[in-house]
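So the structure is just underneath, and the comments pick up after that.
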Amino acid sequence: MGMRRALTWMKRGEVAEYEFTTLTTVPGVIRYKGAKIQLLDLPGIIEGAKDGKGRGKQVIAVARTCSLILMVLDVMKPLQHKKLLEYELEGFGIRLNKAPPNITFKRKEKGGLNLTTLVPQSELDTDTVKTILGEYKIHNADITLKYDATAEDLIDVIEGNRVYVPCIYVLNKIDQISIQELDIIYKIPHCVPISAHHKWNFDDLLEKIWDYLNLIRTYTKPKGQLPDYNAPIVLNADKNSVDDLCMKIHKNLSKDFKCALVWGSSVKHNPQRVGKDHLLNDEDVVQVVKKV
C-alpha cells in the first residue's frame, strides 16, 4: 500500500509487488505545469497505527501536515484497505474530502447553553448537545448550527484539533481487471485507476493531483521585458490576491507596492491597473509597480 509502487517515476526507494516495501519516508518532487510539488512516500499504515503500532503515530503525523493525501489501494481488494486506512487516519483527527463543520462554537464563563439552529436538525437537539458538552465538562457555550449537523461534527468542533485534507484514492494494478470493471471504477468519486507496472494513466493522476491541490500559476513581468513562463509563482486558489503574490516573492515588495498591471482572464482589458486586493486567475501575468 506504499505510494512507491504506484509512483515509480521517482526512481528512489524500494519497489516490489508485495506490501510494506517502503520502510522510511522517501521524499521526491513532481514537476507539473511548471510547478514543483513535493511528494512524501510514507511507510505503510497497519491496523492500530493510530494507537502507535508500527510507528503509526509518526507516519500519520506527517500526513496531517500535507496538502493532499494519495491513498494507494490494490484494485483487487480496495474496500478492505480503504476502510482500514480511513479508520486509522480518522482516529488521528484527519478528515478526508470533508469541509470543516459549519458550526459556530464559543465557550463562555456563565449563561448556560445558547443553541441556535438555522435549519431543522435531524440528530442534534438541546438535550443531545448538552449531553455531548457534559462529556467535556462544558456547561456554558454559544452554539450555532448552520446546517443539519451530526454529533460527530459537533465533537470535531469542540475538540478543535481536526485537519481537513483532500484525498485521492489511487487504485493500482488495473492491468488485472476487465474494461467493464474499469468503467465502474471511473465513476467512483475521488478515485483514479492506474497501473504502476505499465505506467498507465499517470497523466490523469497528475491532473487530478493538480485539481485537488487547488493551485494556480502566475507569471511575473519586469518592465520592458517578456514574462518568464518557465518559472511560475504558484498560489493557492483561495489565496490568490496580488498581495498574496507580492508576499510570496518578498514581504518588502508588499510594503513598497504602488499598483500592478495584469494581463489575463481576471481583468477586463490587457493590461489593467489593479490594487493589492485584485484576485488573480490561473496563468495571469503580473507586473508590480513600486513606490518611488
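Values in this text are rule-based calculations from the coordinates and carry no lab data. As the structure is a computational prediction, the values presented were derived from the model and not from experiment. We place every Cβ from the backbone using ideal geometry, glycine too, and count neighbours over all the protein chains shown.
In debye, nearest 20, what is the charge dipole magnitude of the chain about its Cα centre with +1 on Lys and Arg Cβ and -1 on Asp and Glu Cβ, if you could check?
That gives the chain a dipole magnitude of about 1520 debye.
At each listed q (0.09 Å⁻¹), what is the log10 of I(q)/I(0) that the Debye formula gives for the chain modelled as equal alpha-carbon point scatterers?
Calculated log10 I(q)/I(0) at the listed q: -0.64.
Across bins of 10 angstrom width beginning at 0, how are the C-alpha pair distances of segment 215-290 distributed, in whole percent?
22, 61, 18, 0
What does the extension gain come out to for Tyr229 and Lys106, with contour length at 0.36 nm per residue minus their alpha carbon separation?
Values: separation 123, 0.36 × 123 = 44.28 nm, distance 4.72 nm.
Contour length minus Cα-Cα distance gives 39.6 nm.
Taking amide hydrogens as modeled 1.01 Å from N in the peptide plane, which residues meet the under 5 Å criterion relative to Asp284, leaving out close sequence neighbours?
HN-HN under 5 Å from Asp284: Tyr219.
Could you work out which residue, out of Ile103, Ile60, Ile168, moves most in a Gaussian network model of the chain, that is, has the largest mean-square fluctuation with Cα springs under 10 Å?
Comparing Ile103, Ile60, Ile168 in a Gaussian network model of the chain, the most mobile one is Ile103.
Counting only residues 5 or more places away or on other chains, whose amide H sits under 5 Å from the amide H of Val289 once H atoms are built in the peptide plane?
Here the answer is Lys258, Cys259, Ala260, Leu261, since their amide H atoms fall under 5 Å of that of Val289.
Using only helices, what value at 222 nm comes out for the chain when you add -39,500 (n - 2.57) per DSSP H run of length 4 or more and divide by the total residues, to the nearest 500 deg cm²/dmol? Intermediate values should be presented prior to the final figure.
Details: 8 runs with 75 residues, N = 292.
After summing the helix terms and dividing by residue count, I get -7500 deg cm²/dmol.
If you plug each phi of segment 144-152 into the Karplus form 6.51 cos²θ - 1.76 cosθ + 1.60 with θ = phi - 60°, what whole-Hz ³J(HN,Hα) values come out, in order, with x for Gly and Pro?
Residue by residue, segment 144-152 yields 10, 9, 9, 7, 6, 8, 10, 4, 5 Hz.
With a cut-off of at most 14 other beta carbons within 10 Å, and DSSP calling the residue loop, which trypsin sites (Lys or Arg not before Pro) in segment 59-127 qualify? Please list them. List each step's numbers first, then the result.
Values: sites: Arg64, Lys82, Lys83, Arg95, Lys98, Lys106, Arg107, Lys108, Lys110; in loops: Lys98, Lys108, Lys110.
In loop regions of segment 59-127 (DSSP not H, G, I, E or B), the sparsely surrounded trypsin sites (Lys or Arg not before Pro) are Lys108, Lys110.
What FRET efficiency, computed as 1/(1 + (r/R0)^6) with R0 = 51 Å and r the Cβ-Cβ distance, is obtained for Asn252 and Lys146, rounded to the nearest 0.05?
Calculated value: 0.80.
Step through the residues of segment 210-222 one at a time and calculate ³J(HN,Hα) from phi using the Karplus curve (6.51 cos²θ - 1.76 cosθ + 1.60, θ = phi - 60°), rounding each to whole Hz and writing x for Gly and Pro.
These are the phi-based 3J(HN,Hα) values: 4, 4, 6, 6, 6, 10, 10, 9, 10, 10, 8, 9, x Hz.
For segment 50-133, what is Rg from Cα atoms divided by 2.2 N^0.38 Å, rounded to two decimals?
The reported ratio for this selection is 1.53.
For segment 103-159, take N as its residue count and report Rg(C-alpha) divided by 2.2 N^0.38 Å.
Taking N as the residue count of segment 103-159, the ratio is 1.00.
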